[in-house]
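Step one of this worksheet: look at the structure below.
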Amino acid sequence: MSLFDKFQGIASVRRDLDELGIVPFGVVTERLLSATEGIVNGRRTILAGTNNYLGLTFHPECIETARAAVLEEGTGTTGSRMANGTYAGHEALEQELADFFGCGQAIVFSTGYQANLGMIATLAGPGDVVVLDADCHASIYDACRLGGCDVIRFRHNDAQDLEKRLRRLGERAQNALIVVEGLYSMQGDQAPLRDIAAVKRRRGGYLLVDEAHSLGMLGANGRGAAEAAGVEQEVDFIVGTFSKSLGAIGGYCVSHRPELELVRYAIRPYIFTASPSPSVIASVRVALRVMRAHPELRERLWENARRLYHGFRELGYDTGPEPSPVLALAMPGREQALRMWNALLENGVYVNLVLPPATPSHYPLLRCSVSAAHTPEQVERILGTFAALRRRASAVHDGPLSAEANAVSGGAG
Ligand code: PMP
């Protein structure tokens, strides 16, 4: 028995993929041409799976301030926020986030993953209970493990099931930490936050919402799903990331609870890691300003999302009940998903391939995300490529793609 035996499963998946000649994970973007295009496998490729919702990664002002920060403050802080790694920029960004959310408190983390890990593991330790939506992101599950709390899952987006589980907890519900996402990363569906907040009012507990995918996308001011649902006052902690709408890397937690300032000093994933680089902080501060000043970016994002959603529906795909900038197309099996994903790439369209167990259902997913920076022509090219591949699949009745074409039009997932 060796330490490496447990990786045999991965080795066998890799062997299968090698036989198919497909390399789906760790695709190399050889060169970036813009926020929405790159060179992949030597081919000009539309990037339709980047979470770059507002397309700010190439915003000239973000780049210019990041460049200036490198020149003035160096390439990295080389230390933790608790030691030498808090610069004026980190504090200013925390202030700006608190101001944007209308909250007293904000903490900046080095990644969104660490924001969840740090907040949840620190708030909920041994003897505490986290009640989470079953489809929550891996960082939330990992946080529960790190904290050592009890974990209760409720059915995805089912506020009644949440209430049932809180009821069963009795008095313990008063201190339960309820964790949900604003917009779910895989399927792009939104949490029923009004219902969830009502359950919290009835049963007690604290509510943490991960707005990783909803910042800049939802709400009249882009503050996320809680703003859109009108329940911000009932959310105790909002966690998010700089790696999607804000086009950089890092994470944050905001709260109207003054205790957050005390919690900060107990968060191991905040204390025992280096703080974000000055250039990252500088670009995020500008991106936040750009996002606030340009609501038309959000409108453009939704225009693209609606066009892609309706286009997929016209092609016969089940894309869920409503348009979303994240659309997941369920494939009937791994091989069909791999072949379709690869065919898309060979035709210049990159989307995310997500295989079980990383998917919420048993089906592999082709996950697409649109950006405000996609041009209408690019959105049409994405749709046109899907359409051509589906036509080709149904022309070859016994071919590998025909099973995919039939099954997705049946609406798996
Ligand atoms: N929460 C959710 C819901 C996510 O989807 C992700 C990343 N995809 C994270 C947190 C972690 O964010 P980051 O990649 O910025 O660390």
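The values are calculated or read from the model by the stated rules, or taken from the named source; none is laboratory data. Given the structure is predicted, the values throughout are model-derived calculations rather than measurements. Cβ coordinates were reconstructed from backbone atoms using ideal geometry, including for glycine residues, and neighbour counts include every protein chain displayed. Each accessible area value is taken on the protein alone, full model and side chains, heavy atoms only, with ligands, DNA and RNA left out. Shrake-Rupley method; radii C 1.70, N 1.55, O 1.52, S 1.80 Å.
Values as computed for the structure displayed
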| read-out | value |
| --- | --- |
| Test: residue in the stretch 349-358 that is among the β-branched types (Val, Ile, Thr) and open to solvent by 10 Å² or more (accessible area, probe 1.4 Å) | yes |
| Some residue of the stretch 68-76 being surrounded by 20 or more Cβ atoms within 10 Å (Cβ to Cβ), more than 16 Å from the ligand (Cβ to nearest atom) and not assigned by TED's automatic domain parsing to the domain that holds Arg300 | yes |
| Filter result for the condition that a residue is away from the ligand (no atom under 16 Å from the Cβ) and without any contact (Cβ under 8 Å) to a residue 40 or more places away in the chain, over Gln95, Gln105 | Gln95 |
| Some residue of the stretch 53-61 being within 16 Å of the ligand (Cβ to nearest atom), open to solvent by less than 10 Å² (accessible area, probe 1.4 Å) and touching a Ser or Thr at 6+ places or on another chain (Cβ under 6 Å) | yes |
| Test: residue in the stretch 159-178 that is crowded, with 17+ Cβ neighbours inside 10 Å, at pLDDT 95 or above, within 16 Å of the ligand (Cβ to nearest atom) and within 15 Å of Val231 (Cβ to Cβ) | yes |
| Counted residues, the stretch 228-248 - those being in a loop (DSSP other than H, G, I, E, B) and of a type in the set (A, V, I, L, M, F, W, C) | 5 |
| Top-ranked residue of the stretch 84-102 - restricted to ones that are over 20 Å from Ile271 (Cβ atoms) and aromatic (Phe, Trp, Tyr), ranked as surrounded by the fewest Cβ atoms within 10 Å (Cβ to Cβ) | Phe100 |
| Number of the condition not met by Arg194 [criteria: (1) part of a helix (DSSP H, G or I); (2) within 30 Å of Pro323 (Cβ to Cβ); (3) open to solvent by less than 10 Å² (accessible area, probe 1.4 Å)] | (3) |
| Hits in the stretch 11-49 - residues which are open to solvent by less than 50 Å² (accessible area, probe 1.4 Å) and either acidic (Asp, Glu) or outside the structural domain of Val351 (by TED's automatic domain parsing) (or both) | Glu37 |
| Residue check for Gly205: surrounded by 20 or more Cβ atoms within 10 Å (Cβ to Cβ) and more than 30 Å from Leu308 (Cβ to Cβ) | yes |
| Close pairs (7 angstrom Cβ cut-off, 6 or more residues apart or separate chains): farther than 27 Å from Ala358 by Cα in the stretch 184-203, at pLDDT 95 or above and within 16 Å of the ligand (Cβ to nearest atom) anywhere | Ala197/Leu207; Lys200/Ile178; Lys200/Leu207 |
| Residues satisfying the stated conditions in the stretch 6-45, i.e. out of contact with any Leu (no Cβ under 6 Å at 6 or more places or on another chain) and among the polar types (S, T, N, Q) | Gln8, Ser12, Thr29, Ser34, Asn41, Thr45 |
| Selection from the stretch 259-274 of residues that are under 15 Å from Thr77 (Cβ atoms) and either buried (at least 22 other Cβ atoms within 10 Å of the Cβ) or more than 15 Å from the ligand (Cβ to nearest atom) (or both) | Tyr270, Ile271, Phe272 |
| Strands (runs of 3 or more DSSP E) lying entirely in the stretch 1-94 (those with 1 or more residues that are over 30 Å from Leu215 (Cα atoms)) | 43-47 |
| Of all residues in the stretch 239-258 being aliphatic (A, V, I, L, M) and open to solvent by 10 Å² or more (accessible area, probe 1.4 Å), the one that is nearest to the ligand (Cβ to nearest atom) | Ile249 |
| Enumerated helices (runs of 4 or more DSSP H) restricted to the stretch 102-185, each holding at least 1 residues that are touching a helix residue (DSSP H, G or I) at 6+ places or on another chain (Cβ under 7 Å) and closer than 17 Å to Arg257 by Cβ | 112-123 |
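One line per residue, one yes/no per condition, for (1) at pLDDT below 90; (2) open to solvent by 20 Å² or more (accessible area, probe 1.4 Å); (3) under 27 Å from Gly38 (Cβ atoms):
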{"position": "Asn304", "(1), (2), (3)": "no, no, yes"}
{"position": "Gly316", "(1), (2), (3)": "no, yes, no"}
{"position": "Pro325", "(1), (2), (3)": "no, no, yes"}
{"position": "Glu335", "(1), (2), (3)": "yes, yes, yes"}
{"position": "Ser371", "(1), (2), (3)": "no, no, yes"}
{"position": "Phe386", "(1), (2), (3)": "no, no, yes"}
{"position": "Ser402", "(1), (2), (3)": "yes, no, no"}
{"position": "Gly410", "(1), (2), (3)": "yes, yes, no"}
